[in-house]
Amino acid sequence: VNSAVDSLRSLFGTEQVLTAADALPFERDWRGQFPGRALAVLRPRSSAELQAMVRASHPLPLIPQGGNTGLVGGSTADASGGELIVSLARLNRVRRLDRLDLQISAEAGCVLATLQQAAAAEGLLLPLSMASEGSCTLGGNLATNAGGTQVLRWGNARELCLGLELVLADGSLLNDLDGLRKDHRGLNLRDLFIGSEGLLGFITAAVMKLVPAPRARVAAWVGLGSMEAVIELLLAAREQLGEQLSGFELMNAEVQALLGSELPVPAATWAVLLELSSSVDAAALGDALAKLLAPSGDAVITQSQAQFERLWALRESIPERQTRAGGNLKHDISLPLSRMADFLAAVEPALQRLVPGLRPQVFGHLGDGNLHFNLAPPAGMSVVQLRAQWGEALTRCVFDSVAAQGGSFSAEHGIGRLRRDELARSLDAERLAWMRRVKRLFDPANRLNPGRVLD
Ligand SMILES: Cc1cc2nc3c(=O)[nH]c(=O)nc-3n(C[C@H](O)[C@H](O)[C@H](O)COP(=O)(O)OP(=O)(O)OC[C@H]3O[C@@H](n4cnc5c(N)ncnc54)[C@H](O)[C@@H]3O)c2cc1C
């Protein structure tokens, strides 16, 4: 095996094939929950070099890696020391940005925030946004079909993608970068790769939709007393504001407590961060929001760009604050909005029966039916203890309650290593069998992300 690394180094150079201490930064995911040991880290500089690397490294297992911010252990090597991490980070060129075609064509390793800035410089918006945007990459976003805070208006990464370039497991290049809005030439292969978490091929470039940047954005932070009131507000917002409604984020009282004195209105059972964006002026948006919120409890409406950014920065700071506060047991679930209140009413007492004093830290993209349903330990218990002693039972309780209401145990974070067994357990045999067939078709030697997502 070492001779394989030696021969890769002599073929591609030591800068392109990292080992030992140089490989360390790639062996640890953002949260440090899935560390591993790689045989080496391959760092191609172009799609053509990646093709050559895939061929030259046959039959070693390959783990595609973007920004390494994934939350399910899909982008790091296992403990065997026998897998090659393939970092796409150096494929980081913007190839084309076109104001008339309203699209950006860029390589997979481009950091999401860099692409957002490139679009903004042209008065356009790439409407994909999430707290990890300073590190996550376009390829990772598409491989996980990332969601984030603007799905309500613009959809997931899948809805924004107009084309892909791929390097497949046999080293061939599949090019579908025409970027046409309408193109019905046969089967749409692209959609198989979006959300496939690196199982079927490497995404090396993509064309993404852009939209005209909104001229006005206004946000409001509202405190509400019940989930029923939250859902009523969402309905009213959708009916009164139509497509201007571009964000509807939820936070429970435990999450608001993490924000401490920075909380813009007094803590309530639920807080909602609403965003409106439009190409009309901000005053009209503010008036529409004020009218919507008149019957609600405590609320602030942003009066300036700085205030708008402050509210969103607070919302985006939640994952880091949770980590600093000791961490929790994470679940990324989705439910039909019509079942949300019933789900919460059933799951909270069931969890308290298992671990009295448990502190659910619930937040997320409620407008999309997506909750980050995280469980912090009771006072005096560490998260390590909670996970070891109760982790399995608590997660079972959450997932069974989600399934009972017709929801999904994985909304936007994917399956990776963390949720592989849950996928096998919860999907019907026919769906799983077709997924395995598709995997075998594109990767018959099972080289790409083996043991992730599907067993
Ligand atoms: C603070 C924080 C907030 C987050 N918020 C959100 C959120 O709001 N919404 C959301 O959806 N996610 C969120 N995430 C999760 C994560 O940021 C996303 O899943 C992101 O899309 C991953 O991108 P990445 O480049 O870091 O991919 P990585 O973590 O490197 O990889 C993720 C998966 O994709 C595969 N992969 C990566 N690049 C490629 C490629 N070029 N070709 C083929 N396969 C590839 C990997 O093998 C792995 O299975 C958050 C994460 C953090 C840390």
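None of the figures in this text is laboratory data; all of them are computed from the coordinates on show. Everything numeric here is computed off the predicted structure, so don't read it as measured data. Cβ sites come from the backbone with ideal geometry, for glycine too, and all protein chains shown count toward neighbours.
Calculate, in nm to one decimal, what ARG45 and ARG324 gain on full extension: separation in residues at 0.36 nm each, minus their alpha carbon distance. Numbers along the way, then the final one.
Details: separation 279, 0.36 × 279 = 100.44 nm, distance 3.60 nm.
Residue separation times 0.36 nm, minus the Cα-Cα distance, leaves 96.8 nm.
Using 0.36 nm per residue of separation minus the Cα-Cα distance, give me the extension gain between GLU159 and THR269 in nm, one decimal.
Numbers: separation 110, 0.36 × 110 = 39.60 nm, distance 3.34 nm.
Roughly 36.3 nm would be gained on extension.
Need one number: nm distance between label points at ASP455 and ARG238, each 7 Å from Cα along Cα→Cβ, rounded to one decimal.
Those two pseudo-labels are separated by 3.8 nm.
How far, in nm, would the chain grow between LEU11 and SER135 when pulled straight, counting 0.36 nm per residue and subtracting the alpha carbon separation?
On the way: separation 124, 0.36 × 124 = 44.64 nm, distance 2.97 nm.
Full extension of this stretch gives 41.7 nm more.
Where in segment 135-169 does the label zone of ASP98 land, with the point 7 angstrom along Cα→C-beta and an amide N cut-off under 18 Å?
160-165
Provide the FRET efficiency to the nearest 0.05 for the ARG215-SER3 pair, computing r from the beta carbons and using R0 = 51 Å.
On the way: r = 60 Å, r/R0 = 1.19.
E(calc), rounded to 0.05, equals 0.25.
List the aspartates and glutamates whose alpha-carbon lies under 14 Å from that of LYS182, not counting same-chain residues fewer than 8 positions away?
Output for LYS182: ASP101, GLU159.
As an exercise, use a Förster radius of 56 Å and the Cβ-Cβ distance of ASP421 and LYS182 to find the FRET efficiency, rounded to the nearest 0.05.
Details: r = 41 Å, r/R0 = 0.73.
With a Förster radius of 56 Å, E is 0.85.
So what is the 222 nm mean residue ellipticity for the chain from helices alone, if each DSSP H run of at least 4 adds -39500 (n - 2.57) and you divide by all residues, rounding to the nearest 500 deg cm²/dmol?
Calculated from helices alone, the mean residue ellipticity at 222 nm is -10500 deg cm²/dmol.
Find the centroid of the Cα atoms in segment 133-160 and in segment 380-422, then give the distance between the two in whole Å.
Value for the Cα centre distance between the two parts: 23 Å.
At a Förster distance of 25 Å, what's the computed FRET efficiency of ARG37 paired with ARG440, Cβ-Cβ distance as r, to 0.05? Mind dumping the intermediate values first?
Values: r = 28 Å, r/R0 = 1.11.
Efficiency for this residue pair is about 0.35.
Angle, helix 282-293 long axis vs. longest principal axis of the chain, Cα atoms, 0 to 90°, nearest 10?
So the inclination is approximately 60 degrees.
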